[in-house]
Structures are given as structure tokens and as C-alpha cells.
């Protein structure tokens, strides 16, 4: 079965041993799970620029910097969607303070209604709960 390969940027934003995650307010965990900021690398965009853009778009925050690239993984979305994601995973640092939980919105690239999100922090060691293999390179944070 032939599937297109799409480049994605995945962000591990860590502070004080906690990982920034979000949930979709209008969808249950069984449908979309718990996620970290991530999204498509646009044509002509560097993966690190996509990581910073996605972190800003999905959290509503702005003061991010890349600490390092943790690596590249592949994830097959079948049967959900016939697509292989080539994921460029980055560790980011956030320079601004946040509450434990806050609402955010993603504009959905202008396609339909904005997506309502709730951002919050979990212990890094609980990152195994991330959806669709997003936690595959969490171990690299400890190397």
C-alpha cells in the first residue's frame, strides 16, 4: 500500500520536569487523545521554524526558543488516514510564565471554525499517555 509522506514538527516544551500538553475541548480523549504542539511543515519552511510556529499557534504563547533537535521518527497513521508522518522532534523552552491550565484556540489554517484547546502541564514521566506515538522520543530529554 502506497502512502504519502508528510513532514511534521513535534514540540516537547519542558519546564521544571513538566511537559506542556493540550486536549481538544470539543472532542473526547478516545477520539483525539492528549497531545503536544505539533503540525505540518509547510512547503519551503524549515522544520524548526514550523515547530516554533505550531507552539505559538496551539498554545497562544509567544516566547519560545529551540533547545535542540531530538531526532526524526516515522509514524504510520493507517487506518485513521493513509499517511506516513516524518516527525522532526524538538525540545523547546518557554520564557513566559503560565498558569497550570489555560484555554487556547487554533485557527485551523482558516479551514472551518477555530479549534478550542485546553493547555496544561503534566509530569514528563507521564508522557507515555500521548496520542499516536507523539511521545516516541521523550527518552531523549534525559540523554
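Listing for the model above:
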| quantity | calculated |
| --- | --- |
| Highest to lowest packing among 65-78, 10-23, 44-57, 121-134, scored as the average C-beta count within 10 Å | 10-23, 44-57, 121-134, 65-78 |
| Alpha carbon Rg of segment 35-97, scaled by the compact-globule rule 2.2 N^0.38 Å | 1.19 |
| Surface/4 estimate of mean projected area, convex hull on alpha-carbon atoms of the chain, nm² | 8.8 |
| Estimated [θ] at 222 nm from DSSP helical runs (n ≥ 4, -39500 (n - 2.57)) normalised by residues in the chain, nearest 500 | -3500 deg cm²/dmol |
| Percent of beta bridges antiparallel (DSSP, segment 5-142, rounded to nearest 5) | 75 |
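Read-outs throughout are calculated quantities, based only on the coordinates presented, and are distinct from any laboratory measurement. In this text the structure is predicted, and so the values were computed from the model without any measurement. In this analysis, Cβ positions are derived from the backbone assuming ideal geometry, glycine residues included, and neighbour counts consider all displayed protein chains.
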